[in-house]
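**Q** Right, I'll just put the structure down here and ask away after.
The values are calculated or read from the model by the stated rules, or taken from the named source; none is laboratory data. Since this is a predicted model, take the numbers as computed values, not measurements. So basically every Cβ, Gly included, is an ideal-geometry build from the backbone, and we count neighbours across all protein chains shown.
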Amino acid sequence: MFKLTTSFILILLAVTFVWAQGVPPAPTNLTATDTLMGANLEWNSSAGAFAYRVYKAVDGSPFMQIAQVGRNHFTDPMVFSGFVYRYFVTAFNHVGESLPSNEVVFTLGGSPPTRPHGIIAGTVVNDSTGNPVPGVRIRFFKTNGFMYFREARTDSLGNYSARLDTGAYFVFASKWTYIPEWFDNSLTRQGAELVAVTEGNTSYANFGLTQVPPPPPPLLVTVSGNVTDSATGAPISGAFVVIMRTNRQVNIMNNYEGTILGNRDETFFLPGFGTLLGVMRVARTDSNGNYDFKVPNNQTYIMLAYKHGYLPEFYNNKTNPFDADRLLITSDISGINFDLVINPNVQNSLAGQVKDADDNGVISKVVLFKKTPRGLFPVRCAITDSVGNYFFNYLYSGYYYAKAVPFANYAPAWYDIDSCGIIRWANADSFFVEGNLTGIDICVNPIIPGGFASIAGTVRETGSTAVQGVTVYAVSPQTNSIINYDITENDGTFEIQNLAPGSYKIVVDKEGYSSSSEPVYSVSEENNYTVNNAEFSITNITLGAGGDNNIVPSSYSLKQNYPNPFNPSTEIQFGLPLASSVNISVYNILGQQVAILFTGELNAGNHSVIWNGTDAIGKSVSSGIYFYKITANSLNGANQFINVRKMMLIK
């Protein structure tokens with residue numbers, strides 16, 4: 001057991017208080033009046049709400065979010081004669097978004113028409129026990145594939161009710177730890193039964209959900225390892241070691257629950273780092289730097305080690321959860337070790353906020369990338385506070401890029417000095433860090449999912465290697481707005497869900513890669529609203545390559561590696577005046593060969609190789625000093641060149 005400090009207890013109490021508030025109630029008494037400025041909307045405030053979202057539909061179009069405001073009124077100037085407008089608002093906080101308010105209909109200069117309504121109601125129970133299931137998310141979809149704006153949630157007795165436009169609906173029920181289901185007893189939308197809504201009447205759709213049984217104790221397996229100081233090898237006591245669900249699993253959880261934080265039982269606030277989602281277990285290392293905990297087997301996890309005074313590290317020597325190695329744990333596993341790097345002895349820092357176009361803060365993960373002449377390298381990850389503020393300290397001076405990945409409701413975006421929602425790294429702005437840099441605010445745009453269609457596929461590097469951590473966006477070709485997105489897992493797969501029927505431009509983005517195409521895919525009744533075979537090939541490119549690579553040098557040379565110090569990879573450049581047989585190898589400080597980077601014949605010219613910090617069998621090596629050596633023998637036998645340089649790996 002570890003001792004909790006007073007400050008740590010206060011932090012936990014504060015965070016628990018925020019979460020305990022839950023999702024705020026839906027705003028009430030929404031009204032719309034005609035003013036000289038447009039449609040003036042007002043509503044009653046909701047307890048626990050941080051802000052409100054305003055949704056709008058024109059004639060028969062789907063609802064779309066048009067504003068996010070911190071007050072209980074909003075004026076929409078974009079209204080014109082001859083159109084029928086519909087509005088609703090929701091309240092939200094950092095737990096999630098409320099159910100919709102009442103709907104209002106508005107026409108400019110005239111009386112709004114009435115729309116016929118009916119009700120769908122029902123009860124959700126546990127299939128095995130018959131007990132009511134509270135907090136189930138109920139969604140309604142039209143037959144044309146669009147999601148109706150109004151949702152419902154079951155109360156403590158498992159009951160729900162929703163007032164809907166007349167018509168026919170597919171009804172979908174979901175809750176984390178239960179198998180989601182379409183009405184009536186169908187696991188797929190194709191087998192679902194429609195529920196008719198007629199004017200003034202109530203239709204019933206009851207559900208019996210099957211709970212996913214928790215694994216019994218015999219299926220809990222042990223994960224163990226140690227945490228050491230990368231420079232000294234000494235054990236680090238009191239370090240946090242966290243095992244978590246993957247990004248995709250957390251997104252599925254959020255989709256089931258309809259909240260920003262997903263299942264709050266799997267949320268942990270890590271002091272000095274931020275709020276982590278999908279947390280299965282947390283341990284602290286003992287005096288020997290060792291830890292262990294038990295987790296359900298046959299699941300895929302990511303892991304993080306952190307202690308104040310050191311840089312956080314995801315397994316295996318990764319800087320962020322999107323690139324972290326995945327661990328499929330089937331049985332007891334040991335040797336899951338971390339070697340933490342002490343905070344660099346530099347005083348540069350960076351601060352900013354993730355926010356939307358209306359200056360509302362957005363809770364997000366922020367990944368920081370170091371810019372080098374040869375490419376971008378992710379170096380840090382942080383989690384914002386509840387209003388989107390982030391901070392990095394102990395940074396080396398230089399140029400950086402930053403990318404925000406919001407917890408929910410917004411699309412990832414890169415920092416740009418004067419644009420919002422930049423989704424391609426090549427269009428982002430860099431910034432120079434020296435001293436205490438502030439005001440690096442990242443603007444993100446909301447996503448607007450609205451249906452049950454999906455587009456899935458795989459992203460591979462040229463040569464068929466799957467690429468992890470690629471952000472894949474579904475973009476409307478008409479409005480150029482982002483509808484939804486996914487981030488590829490270690491097998492390169494993605495699945496963008498909750499799309500309305502229509503056509504989507506697919507944009508793929510990962511730092512240091514380029515894509516030659518942005519194809520358009522359509523989802524409709526013809527393909528059952530599903531695309532499963534979207535395949536993308538991206539190319540790993542070199543940035544800042546000099547224009548003299550084809551110039552034959554006058555003499556042999558071996559340049560200092562760059563970057564240096566480095567993490568996780570570095571480039572070694574060398575020049576050959578003659579066609580030569582070349583060997584480039586890496587050695588540790590004991591003179592033992594660690595890896596062979598290249599061996600073979602090369603033409604005269606400038607060349608380079610990359611070392612990614614792994615040994616001959618692909619295992620990551622520890623931090624420290626290494627040497628790289630070139631041996632070059634000209635093919636004509638007249639010349640030999642041998643040189644050695646030193647480099648430093650810092651993790």
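**Q** For the stretch 97-117: of the residues being buried (at least 21 other Cβ atoms within 10 Å of the Cβ) and small (Gly, Ala, Ser), which is farthest from Asp34 (Cα to Cα)?
**A** Ser98
**Q** Kindly provide the set of residues from the stretch 611-623 that are surrounded by fewer than 16 Cβ atoms within 10 Å (Cβ to Cβ) and not acidic (Asp, Glu), ordered by number.
**A** Asn612, Ala616, Ile617, Gly618, Lys619, Ser622
**Q** If a residue counts only when it is aliphatic (A, V, I, L, M), touching a Leu at 6+ places or on another chain (Cβ under 7 Å) and crowded, with 20+ Cβ neighbours inside 10 Å, which strands (runs of 3 or more DSSP E) contained entirely in the stretch 492-539 have at least 1 such residues?
**A** Result: 520-523.
**Q** Considering only the stretch 375-400, state which residues are outside any strand (DSSP E or B) and crowded, with 21+ Cβ neighbours inside 10 Å.
**A** Answer for the stretch 375-400, where residues must be outside any strand (DSSP E or B) and crowded, with 21+ Cβ neighbours inside 10 Å: Thr384, Gly388.
**Q** Within the stretch 401-424, restricting attention to residues that are of a type in the set (Phe, Trp, Tyr) and within 26 Å of Gln65 (Cα to Cα), which residue is surrounded by the fewest Cβ atoms within 10 Å (Cβ to Cβ)?
**A** Once the filter is applied, the top-ranked residue is Phe407.
**Q** Would you mind telling me which numbered condition in (1) under 19 Å from the mean Cα position of the chain (by Cα); (2) not in a strand (DSSP E or B) Val354 fails?
**A** (2)
**Q** Which one is farthest from the chain's Cα centre (by Cα) among residues in the stretch 57-109 that are under 18 Å from Thr479 (Cβ atoms) and charged (D, E, K, R)?
**A** Going through the qualifying residues, I end up with Asp59.
**Q** Please find, among Ile589, Ile584, Ile596, the residue that is touching a residue at least 12 places away in the same chain (Cβ under 8 Å) and either in contact with a Lys or Arg (Cβ under 6 Å, 6 or more places away or on another chain) or crowded, with 19+ Cβ neighbours inside 10 Å (or both).
**A** Answer to the selection: Ile584.
**Q** Right, something else. Where in the stretch 260-334 are the strands (runs of 3 or more DSSP E), entirely inside, with at least 1 residues that are farther than 30 Å from Tyr396 by Cα?
**A** 279-284, 290-296, 299-306, 327-329
**Q** Sort through Gln497, Gln468 and tell me the only one that's at pLDDT 90 or above, under 30 Å from Ser608 (Cα atoms) and polar (S, T, N, Q).
**A** Gln468
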